[in-house]
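Step one of this worksheet: look at the structure below.
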Amino acid sequence: QKEVEQDPGPLSVPEGAIVSLNCTYSNSAFQYFMWYRQYSRKGPELLMYTYSSGNKEDGRFTAQVDKSSKYISLFIRDSQPSDSATYLCAMIGSGGYQKVTFGTGTKLQVIP
Amino acid sequence: DSGVTQTPKHLITATGQRVTLRCSPRSGDLSVYWYQQSLDQGLQFLIQYYNGEERAKGNILERFSAQQFPDLHSELNLSSLELGDSALYFCASSPAGTSYEQYFGPGTRLTVT
């Protein structure tokens, strides 16, 4: 079993829809939870990071962490065709020098 | 633009050869990370350097090595290349103590023929 599980999609939604992207994980030591957006063959772009449980909002993006369920989500409101990309969740524990564990990514297509 | 630069953008070489990939971190970032991304493996962590010293190691092959220089740029050396080493190689950097805040470069696409 992988430490981080992410549905690869693809996920196709109409423009303007609310998108929900999710990851589950097994390592209870993870404390920081990140979301990256990657356009085809480009470098991943950090969208936002969250510490521990709770919600964080940045514009049209909201990240949600439920540590009790080991489940994280990224919501995109009013989705745009420019949001079409692969979304990677990532996680890391706190303290010391630890490696980030990435999900395999969910491919999102927003149809005009 | 993340501020992280990588050269070259593309590299085509033959099996058995050796190549060097170069990365310059964002201004002020002390940590550099190297990742390999292939179609079937996702983003795999290779190695991390902090201010010139190795700090964490992932699934890096013995044929691969890296270093971070006093000016903080980093190089990833890949030797005895195999077809399976064909992938995108990304470098990322982060401010001191914030591995959760990594900024990725545009990557180097390596093709081994």
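The values are calculated or read from the model by the stated rules, or taken from the named source; none is laboratory data. Computed from a predicted structure; not experimentally measured. Ideal geometry is used to build each Cβ from the backbone, glycine not excepted, and the neighbour counts take in all protein chains shown.
A few notes on this one:
- Failed item in (1) within 12 Å of chain A (Cβ to nearest Cβ); (2) within 30 Å of residue A:52 (Cβ to Cβ); (3) crowded, with 21+ Cβ neighbours inside 10 Å, with residue B:56 passing the rest: (3)
- Output for segment A:7-25, where each listed residue is at pLDDT below 95 and either farther than 15 Å from residue A:79 by Cβ or within 13 Å of another protein chain (Cβ to nearest Cβ) (or both): A:7, A:8
- Restricting the first member to segment A:17-33 and to residues that are part of a loop (DSSP other than H, G, I, E, B), and the second to residues that are surrounded by fewer than 19 Cβ atoms within 10 Å (Cβ to Cβ) and of a type in the set (Gly, Ala, Ser), the beta-carbon pairs closer than 8 Å and six or more apart or on different chains are A:27/A:93; A:29/A:93.
- Top-ranked residue in segment B:88-111 [being of a type in the set (A, V, I, L, M, F, W, C) and touching a strand residue (DSSP E or B) at 6+ places or on another chain (Cβ under 6 Å); ranked as nearest to the other protein chains (Cβ to nearest Cβ)]: B:104
- A Cβ distance below 7 Å, combined with a sequence gap of six or more or placement on separate chains, defines the contacts here; from segment B:61-72, residues that are among the hydroxyl-bearing types (Ser, Thr, Tyr) reach residues that are surrounded by 10 or more Cβ atoms within 10 Å (Cβ to Cβ) and part of a strand (DSSP E or B) in the pairs B:65/B:77.
- Test: residue in segment B:23-42 that is at pLDDT 95 or above, within 11 Å of chain A (Cβ to nearest Cβ) and surrounded by fewer than 19 Cβ atoms within 10 Å (Cβ to Cβ): no
- The set of residues in segment B:73-100 being surrounded by 18 or more Cβ atoms within 10 Å (Cβ to Cβ), in contact with a Gly (Cβ under 8 Å, 6 or more places away or on another chain) and not in a strand (DSSP E or B) consists of B:81 alone.
- Within segment B:63-87, the set of residues being over 21 Å from residue A:100 (Cβ atoms) and within 14 Å of chain A (Cβ to nearest Cβ) comprises B:86 only.
- Only one of the numbered conditions (1) exposed (fewer than 12 other Cβ atoms within 10 Å of the Cβ); (2) under 30 Å from residue B:7 (Cβ atoms); (3) not basic (Lys, Arg) is violated by residue A:49, and that is (1).
- Output for segment A:65-74, where each listed residue is touching a Phe, Trp or Tyr at 6+ places or on another chain (Cβ under 7 Å) and assigned to a strand (DSSP E or B): A:65, A:72, A:74
- Among all residues of segment A:1-16, there is at least one that is polar (S, T, N, Q), more than 22 Å from residue B:56 (Cβ to Cβ), more than 13 Å from the chain's Cα centre (by Cα) and outside any strand (DSSP E or B).
- Single residue of segment A:83-112 satisfying the filter (among the small types (Gly, Ala, Ser), more than 9 Å from chain B (Cβ to nearest Cβ) and in contact (Cβ under 8 Å) with a residue 12 or more places away in the chain) that is nearest to residue A:12 (Cα to Cα): A:84
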